[in-house]
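Enquirer: Here's a structure for you.
The values are calculated or read from the model by the stated rules, or taken from the named source; none is laboratory data. Please read these numbers as outputs of a predicted model, since none were measured by experiment. Here the Cβ positions follow ideal geometry from the backbone for every residue, glycine too, while neighbour counts run over all protein chains shown. Areas reflect the complete protein model, heavy atoms only, side chains present, ligands, DNA and RNA absent. Shrake-Rupley method; radii C 1.70, N 1.55, O 1.52, S 1.80 Å.
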Amino acid sequence: MRILKYIFLLLLLSLVALSIFIATQKGDFNVERSKVINSPKPAVYNYVNDYKNWEDFGSWTIEDPEIKIAYPQKTIGKGASYSWEGKDGAGQMRTIYTKENDSISQQMDYNGTLATVSWSFKDTTRGTKVSWKSSGEMSFLFKIYAALNGGVDKVIGTMYEQSLANLDKALDYEINTFSIKVNGLVKKPQSFYLSQTFTSEIAKINKNFKIVVPQIETFCKTNNVLISGNPFIIYHTYDLKKGLAKISICIPIKNEIFTSAGSDILSGKLEAFEGVKTTVIGDISHNKKGYDKTIQYLNKNQLATNPVFSHIEIYSTAKANIKNPSKWSTEIYVPVLPKAATADVYAPSATNSPIPPEKTIPIVSEPTKVIKTPLKTNNSKKTTLPKVKEEEPSEF
């Protein structure tokens, strides 16, 4: 009996000593891991910037299939957040700062341990170097957990290493899996839309799209305007040499309306036209390849482009519909002249109409006039075209 008392006392003293030792240990930590991801920087940044993608690469979610994750309405960019509750505890994270395609800063609370989390994205010859860093002050419970599992650098570092490997694997499939199909010549029916029109750097069109589309959607909701399809972009001009395009970012509406003069959002009508359609399944970074395939088809079949505009991209399935980039779908339309008209065969290296001398802006300029695109014909020469398919109005 006395031996049992001594053993119990020894264990108690050991526990007290361990608690005092842990409590007096340095509580602050700074852990960082890096990995080169085999995907372009914008794709990596956009993927990490959305918390809904974290369950696809976070090692903690893969190791704990019963983990419960809660997403608020905003999961992308500054002010985004998410929370989780799993077998090892509960936590929450919020994004406090983002710099497009460069860096992300976040704040995390995990079982009382507060940490500042940061990401940086750098171009390399093999892809994108991603650096993931965490620094903060450990809670007493986390000190015990870290002490029993090889230290805080090993605990967090191992988690980051596994997660970055998962990120590379997920992105390699999601970003680099795509297909392109030239559907051929089709007829697009007349449609009405609301838009904002401006000149943009081609590299910034995706960023502008993310800003403008919610503004038009809010306008429609406020004014009870019925949306009748998926967002699209009209490329009035497309100058690859200068890296500039004059575009209209649009949302189709059921009925024609008229907005007041000076409004940031203007109404327009896209007249029916004949064009070559190409469907790209995959991340939008492959849309340029789809456009190039369309131009090759035009030249091969000696089809003449209609200079009414350069082309249209319709985002029939995008991030708003499904988070997996490999399943996104974009329809590209390049207008052609009717059979009884003539024009030069399109040269991919040049714009199909000159960009007017106007100031280039990163986001949105003052609104232009309502866009109307009547087809022009010229009866001086006949052009033989492939069979034309009639498209359903509901697709646009």
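Enquirer: Which order do peptides 73-80, 255-262, 188-195 fall in by mean Cβ count within 10 Å, highest first?
Expert: With the highest mean Cβ count within 10 Å placed first, the list reads 188-195, 73-80, 255-262.
Enquirer: Then there is this: Can you bin every Cα-Cα distance in the stretch 134-277 into 10 Å intervals starting at zero and give me the percent of pairs per bin, rounded to whole numbers?
Expert: 9, 23, 23, 15, 13, 12, 5
Enquirer: Averaging the inverse of every distinct alpha carbon separation and then flipping it gives the Kirkwood radius. What is it for the stretch 87-148, in angstrom units?
Expert: The Cα-based Kirkwood calculation yields 13.2 Å.
Enquirer: Give the separation of the Cα centroids, the stretch 191-212 to the stretch 291-321, in Å.
Expert: Computed from Cα coordinates, the inter-centre distance equals 17 Å.
Enquirer: Whole number please: convex hull volume per residue of the Cα set in the stretch 233-336, in Å³?
Expert: 131
Enquirer: Starting from one equal scatterer on each C-alpha and no solvent at all, send me the Debye-based log10 I(q)/I(0) for the stretch 124-179 at q = 0.15, 0.20 Å⁻¹, two decimals.
Expert: -0.60, -0.81
Enquirer: What are the extents of the Cα atoms of the stretch 201-287 along their three principal axes, listed from largest to smallest and rounded to whole Å?
Expert: 38, 27, 23
Enquirer: Let me ask something else about it. Measure off, as a whole percent, the carbon and sulfur share of the 1.4 Å-probe accessible area of the stretch 133-205, all protein chains present.
Expert: The value for the stretch 133-205 is 55 percent carbon and sulfur by accessible area.
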